[in-house]
Amino acid sequence: MPITSFQGIFSKAKQMGRKRLAVAGADGEEILEAVRNAYEEGVIQPILIGNKSRIQLLASRRRIDISPFELVEAKDPLNSCQKAVELVQGGRADILMKGGVGTAVLLKVVLDKESGLRKGKLLSHVVVMEAKAYPKLMIVTDGGMNISPDLQTKVELIKNALWVAHKLEIKLPKVALLAAVETVNPDMQETIDAAILAKMAQRGQLGNLIADGPVAFDLAISSQAAEIKGVESPIAGEADILLVPDIATGNIMVKALIWLGEVEVGGIVVGAKIPIVLLSRSDTAKIKLNSIALGAIICEEGG
Ligand code: COD
């Protein structure tokens, strides 16, 4: 049965046993709290990288017991990222998490051709969303890493999202190729890309999934909207994966739902040797915790 909630994600993460989480730049109170919460949930075993004495000071200020956690000294944010990546390379960490280091600093270390964590695939950001008004989890990509994906990049984005869908035990995911309309408009590149991707999916070029587009967001999540619009689509009202045209669309859509709707969210970068928890400073403690749990279930079996 597919997982349909973050409660289900946590249950699976706990069943899989603790994963080793390397936190690059762990000297932040919010980060320590999120890591402690995930540890208490039985999901991870943290390795905290950064300025040791500052980490200890912040932890005692927030009354967070970090005595069961390993601490690794690093002289600055870049060094924290390098040490975190080294731990992964040495087989000592299963998940990487961005703490108080810049996103670009971490991603550049991760993308380094010689010492980074690439495995010949595209790295992409996926957000998993649980909304009260929708019975399935939604996998949204890419509102966090790939800025303006071309057709080939979109193919890779779908393949990465498909892998996440399988980890969520969705056997035959339905993919909505999002645009503003349901017809191909030569002035809207995303509608052309969507039509090509839909044909590629139909021919089995994208793997085991059902995809359709261009479709607007309402059609993807509401069969009633499809009926009103008079559009027949095999994914209408049942989308599992939502491919957005670019980073701005995805980022705005997810943030609008977080801040105005009732959604549970977790986000992660996939496609590297290990999952990367990449959080925004404004993310709530719950989003941080959800993202760590998501990272834990995305890990390859055996870490
Ligand atoms: N997957 C795999 N390899 C990649 C990827 C990717 N997604 N992106 C770049 N590479 C490789 C390139 O092939 C190249 O070999 C090397 O990495 C450097 O490529 P550049 O010069 O294009 O990459 P950078 O370092 O300038 O930029 C990569 C970023 C991921 C930093 C950039 O794309 C970016 O800033 N993305 C947006 C991140 C962001 O601001 N998110 C906001 C919400 S959190």
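The values are calculated or read from the model by the stated rules, or taken from the named source; none is laboratory data. Since we're looking at a predicted model, the values are computed, not measured. Ideal geometry is used to build each Cβ from the backbone, glycine not excepted, and the neighbour counts take in all protein chains shown. With ligands, DNA and RNA removed, areas are computed over all heavy atoms of the protein, side chains included. Shrake-Rupley method; radii C 1.70, N 1.55, O 1.52, S 1.80 Å.
Relative to the longest principal axis of the Cα atoms of the chain, the long axis of helix 77-89 lies at roughly 80 degrees.
Ligands, DNA and RNA left out, the 1.4 Å accessible surface of the chain is 52% carbon and sulfur atoms. Looking at the chain alone, DSSP beta bridges between its own residues are antiparallel in about 35 percent of cases. In plain terms, the bigger the Kirkwood radius, the slower the diffusion; for the chain, with that radius from Cα pairs, at 10 °C and 1.306 mPa s, Stokes-Einstein puts D at 81 µm²/s.
The phi torsions of segment 98-106, fed into the Karplus equation with coefficients 6.51, -1.76 and 1.60 and a -60° offset, translate into couplings of 7, x, x, 10, x, 4, 5, 4, 5 Hz, rounded to whole numbers, with Gly and Pro shown as x. Residues of segment 177-191 with amide nitrogen under 13 Å from the 7 Å Cα-to-Cβ point of MET200? Counting backbone N atoms under 13 Å from the label point, the list is 177. Listed by chain and number, the lysines whose alpha-carbon sits under 16 Å from that of LYS108, ignoring those within fewer than 8 places in the same chain, are LYS83, LYS98, LYS119, LYS121, LYS273. Considering only VAL110, GLY99, LEU87, whose Cα is most displaced toward the positive end of the charge dipole of segment 55-116, charges sitting on Cβ of Lys, Arg (+1) and Asp, Glu (-1)? Of VAL110, GLY99, LEU87, it is GLY99. What the phi angles of segment 40-51 give under the Karplus curve with 6.51, -1.76 and 1.60, with θ = phi - 60°, is a coupling list of 5, 6, x, 9, 9, 10, x, 10, 9, 10, x, 7 Hz, glycine and proline written as x.
Accessible surface area normalised per residue over the chain is 45 Å², counting heavy atoms of protein chains with a 1.4 Å rolling probe.
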